[in-house]
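The values are calculated or read from the model by the stated rules, or taken from the named source; none is laboratory data. Since we're looking at a predicted model, the values are computed, not measured. Please note: Cβ atoms are built from the backbone with ideal geometry, for glycine as well, and neighbour counts cover all protein chains shown. Protein only, heavy atoms only, side chains kept; ligands, DNA and RNA dropped before computing areas. Shrake-Rupley method; radii C 1.70, N 1.55, O 1.52, S 1.80 Å.
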Amino acid sequence: MQDLRIYGISLGGITFSIMPDINPLLQTVVLLLTIVYTLIGIKNKLNNK
């Protein structure tokens, strides 16, 4: 089962690397998710004080 998971992840990585326009999209998604994660962390810290 572990080998199947590794093969799936590798195949997904190869598939995404073949697509030329996917990198800017992924960068945008990661940036937005990072901003949301940071805002949630700030909100939790403010609520705990």
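Quick notes on this one:
- Lone qualifier among Tyr7, Tyr37 - being among the aromatic types (Phe, Trp, Tyr) and modelled with pLDDT of 80 or more: Tyr37
Yes/no per residue for (1) within 18 Å of the chain's Cα centre (by Cα); (2) touching a residue at least 40 places away in the same chain (Cβ under 8 Å); (3) open to solvent by less than 100 Å² (accessible area, probe 1.4 Å):
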residue: Ile6; (1), (2), (3): yes, no, yes
residue: Gly13; (1), (2), (3): yes, no, yes
residue: Phe16; (1), (2), (3): yes, no, no
residue: Met19; (1), (2), (3): yes, no, yes
residue: Gln27; (1), (2), (3): yes, no, no
residue: Thr34; (1), (2), (3): yes, no, yes
residue: Ile42; (1), (2), (3): no, no, yes
